[in-house]
């Protein structure tokens with residue numbers, strides 16, 4: 001089983017559209033894994049069933065026991081997040097503002113403040129339209145993606161892939177270079193970088209490559225919308241050459257991306273014989289060669 | 001030499017954990033006494049962020065001479081580890097603990113720093 005993680009550095013480069021297209025092409029040979037939980041949308045393209053729901057717990061929130069509380073106000077004094085206010089003469093915690101830092105519960109002389117683990121969202125193992133399964137998550141209000149959640153989603157996807165003897169796990173990572181991205185890269189056999197021909201596309205590509213190199217991971221790159229600015233594409237290619245990263249695809253700007261999205265379809269199923277679809281299929285074959 | 005390996009189990013036949021920050025278990029092998037011990041990295045799985053930093057501290061508390069892992073430590077963990085004299089070897093992610101130790105002994109692993 002080989003895990004292929006698709007990341008982009010910059011958002012909006014077409015990472016999820018391509019991840020979904022690869023997943024569609026590979027069918028039941030792969031388990032799909034959506035780690036871009038802050039803006040999870042791959043389920044729309046792959047028609048996920050939202051099955052096998054599990055609760056996901058993350059972070060803590062302070063809770064004041066009214067019986068024990070003497071309303072001394074010490075907790076509200078130390079709270080850096082202004083999460084504690086007085087309602088009808090009683091100190092209460094606003095769970096949205098509370099960052100779970102424990103400071104209030106530490107200073108409370110009456111031990112009236114308990115830290116409660118919070119449910120942050122749900123994890124699902126869904127059936128998707130191309131006869132395989134996808135592990136993905138949905139966050140609750142005010143919750144954020146984290147390395148912890150990504151690690152959990154990935155772990156479930158990998159276990160499933162091993163159990164069902166699948167050849168690949170295709171992981172849609174999140175944009176940026178922060179904690180969730182680091183977590184999504186862990187254990188990857190190949191990283192597919194998706195960038196676009198813009199200044200920020202190149203800048204964010206440089207950042208994410210620096211991260212990928214820290215972990216000594218093998219990477220390949222797809223330049224999307226390469227014809228927007230061919231000069232920029234040249235700079236990107238030059239940079240990739242110095243980093244010894246192969247370009248496995250160059251895709252033109254194409255409104256088919258948007259049209260397919262509007263139909264909730266992946267590009268390769270929207271028009272499987274289009275030049276764009278064939279281009280993407282070729283990239284996927286190259287990616288598989290790189291990871292074998 | 002005291003060697004710490006990031007692992008998914010507690011004995012030589014178990015698989016390595018390719019991750020550093022969120023590794024499941026640390027197996028500690030003391031070459032002088034031939035002792036094998038392990039500590040669980042439990043607690044880190046409840047952390048949303050900053051797993052690498054916490055883990056680096058935990059591992060340094062074992063005062064190892066060598067750490068063997070898979071992908072390697074991330075930037076923040078690395079900054080802490082570099083302050084000690086420990087050597088970090090990477091590339092053992094798909095091996096068993098035994099294979100990883102032998103690979104290290106035969107100079108087959110890459111030094112992260």
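Would you please give the FRET efficiency between residue A:82 and residue A:114, computed as 1/(1 + (r/R0)^6) with r the Cβ-Cβ distance and R0 = 22 Å, to the nearest 0.05?
Values: r = 20 Å, r/R0 = 0.92.
So the FRET efficiency works out to roughly 0.65.
Report for the protein assembly as shown the percent antiparallel among DSSP-assigned beta bridges with both residues inside it, nearest 5.
Counting only bridges with both partners in the protein assembly as shown, antiparallel ones make up about 55 percent.
Would you list A:17, A:51 from fewest to most Cβ contacts within 10 Å?
By the 10 Å Cβ count, ascending, the order reads A:51, A:17.
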| query | Would you list A:171, B:46 from fewest to most Cβ contacts within 10 Å? | reply | B:46, A:171
| Computed E for residue A:272/residue A:57 - FRET, C-beta separation, R0 41 angstrom, nearest 0.05 | 0.45
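Give me a single rounded figure for A:129-138: the average over its residues of other chain Cβ atoms within 10 Å of their Cβ.
On the way: counts 0, 0, 0, 0, 0, 0, 0, 0, 0, 0.
Other-chain Cβ atoms within 10 Å of each residue's Cβ, averaged: 0.
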| remark: Heads up, the protein assembly as shown by the C-alpha gyration tensor (a ≥ b ≥ c square roots of eigenvalues; a/c under 1.5 rounded, else a/b over b/c prolate, else oblate) looks oblate
| request: Let me know the mean shielding of B:41-52 by other chains, meaning the per-residue number of their Cβ atoms within 10 Å of its Cβ. | output: 5
| Contour minus Cα-Cα distance for residue A:241 and residue A:206 (0.36 nm per residue) | 11.4 nm
| request: Please report, in cubic angstrom per residue, the volume enclosed by the convex hull of the alpha-carbon atoms of the range B:2-111. | output: 86
| query | Given just the C-alpha atoms of the range A:58-119, how large is their convex hull per residue in cubic angstrom? | reply | 76
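What average number of partner chain Cβ atoms lie no more than 10 Å from the Cβ of the residues making up A:182-188?
Numbers: counts 10, 7, 0, 3, 12, 8, 3.
Per residue, the number of nearby Cβ atoms from other chains is 6 on average.
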| query | Could you work out the helix-only [θ] at 222 nm for chain A, with each DSSP H run of four or more residues adding -39,500 (n - 2.57) and the total divided by the number of residues, to the nearest 500 deg cm²/dmol? | reply | -11000 deg cm²/dmol
| field | Computed helical MRE - 222 nm, chain B, DSSP H runs ≥ 4 contributing -39500 (n - 2.57), nearest 500 | value | -6500 deg cm²/dmol
| remark: Residues B:78, A:45, A:18 in order from fewest to most other beta-carbon atoms within 10 Å are B:78, A:45, A:18
| message | For Cα pairs less than 8 Å apart in space and 6+ apart in sequence, what is the mean separation divided by the residue count of chain B, i.e. the relative contact order in percent? | response | 29
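Read-outs: derived from the displayed coordinates by stated rules, not from any lab. Being a predicted model, the structure only gives us computed values, none of them experimental. With ideal geometry, Cβ positions are generated from the backbone for all residues, glycine too; neighbour counts draw on all protein chains shown.
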